[in-house]
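The values are calculated or read from the model by the stated rules, or taken from the named source; none is laboratory data. Keep in mind that what you see is a predicted model, and the values were worked out from it rather than measured. Every residue, glycine as well, gets a Cβ built from its backbone with ideal geometry; the counts of neighbours run over all protein chains shown. When the accessible area is computed, the model is the full protein with side chains, heavy atoms only, and any ligands, DNA or RNA have been set aside. Shrake-Rupley method; radii C 1.70, N 1.55, O 1.52, S 1.80 Å.
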Amino acid sequence: QVQLVESGGGLVQTGGSLRLSCVASGRTIADYTMAWFRQAPGKERDFLALNWRDGFTYYANSVKGRFTISRDNAKNTVYLQVNSLKPEDAADYYCAAARGRTSRTNVAGFDYWGQGTQVTVSS
């Protein structure tokens, strides 16, 4: 079992930045593909980025160039740096983990989820 706890969300102005963190416990994230998703009210949960232990990363086109996923295996933590925020980026942001390596970007492809951290963007 892996427990995931996100933090770092908050209220930010358009154009601002945040660094979201996801601390894992129970197992080492080195054995997992780590990813970030987001879900706005009334919408589906959308894939944003994933990261393998060897540094491979993959991004959704909607956030490529603005968001950066990274991990610190020693701290058992994965990060999402979100820059140039827009009002449409406002959502609950979720960390997820999948066993081994996966390139799946759908919700069903991930085994463990955090409770989410809310990002609000003011115009």
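Before moving on, here are some points about what is shown:
- Any chance Val107 is surrounded by 13 or more Cβ atoms within 10 Å (Cβ to Cβ), touching a residue at least 60 places away in the same chain (Cβ under 8 Å), more than 21 Å from Gln3 (Cα to Cα) and over 10 Å from the mean Cα position of the chain (by Cα): no
- Every pair of residues 6+ apart whose Cβ atoms lie under 6 Å, when the first sits in segment 23-47 and is within 26 Å of Leu85 (Cα to Cα) while the second is assigned to a helix (DSSP H, G or I) and open to solvent by less than 70 Å² (accessible area, probe 1.4 Å): Arg45/Val107
- Note on segment 37-86: among residues that are of a type in the set (A, V, I, L, M) and outside any strand (DSSP E or B), the one that is farthest from Gly100 (Cα to Cα) is Leu85.
- Applying the set (1) over 13 Å from the mean Cα position of the chain (by Cα); (2) crowded, with 21+ Cβ neighbours inside 10 Å to Thr120 leaves exactly one unmet item: (2).
- Criterion violated by Arg71 - all others in (1) touching a residue at least 60 places away in the same chain (Cβ under 8 Å); (2) open to solvent by 10 Å² or more (accessible area, probe 1.4 Å) satisfied: (1)
- Scanning segment 1-15 for residues that are closer than 14 Å to Leu80 by Cα and either part of a loop (DSSP other than H, G, I, E, B) or free of Cβ contacts under 8 Å to residues at least 12 places away in the same chain (or both) returns Gly8, Gly9.
- Residue list for segment 26-65, restricted to those being over 18 Å from Asp111 (Cα atoms) and either of a type in the set (A, V, I, L, M) or open to solvent by less than 70 Å² (accessible area, probe 1.4 Å) (or both): Ala40, Gly55, Thr57, Tyr59, Ala60, Val63
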